[in-house]
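What follows is a single structure, written as structure tokens, with notes after it.
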């Protein structure tokens, strides 16, 4: 199950994100989205849990919790939209 995690502290590492979710089950992957040009975190990311029930448990427990004075938003990730390639 893939989860969207929003309102992340900008200094949070992917390892710390993984550790946060490991309490609720097996984490397959954790990715913080960063700006392509500056490398700065955009304040959101995605965590993939190995089991759907673990993902739901993590969502229930972590949504609204405070990490470094920021209230996390955790919900099921929507499928990625296919981007058209308008580049020449």
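Coordinate-derived values only; no laboratory data. For clarity, every value in this text was computed on a predicted model and none was experimentally measured. Note that we place each Cβ from the backbone using ideal geometry, even for glycine, and neighbour counts take in every protein chain shown.
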Tilt, helix 52-62 to longest principal axis of the chain (alpha-carbon atoms), in degrees rounded to tens, equals 80
Based only on other Cβ atoms within 10 Å, what is the fewest-to-most ordering of 24, 4, 37? 37, 4, 24
Build a GNM of the chain with springs between Cα atoms under 10 Å: which of 52, 36, 70 gets the top mean-square fluctuation? 36
Percentage, to the nearest whole number, of Cα pairs in the chain over 19 Å apart: 38
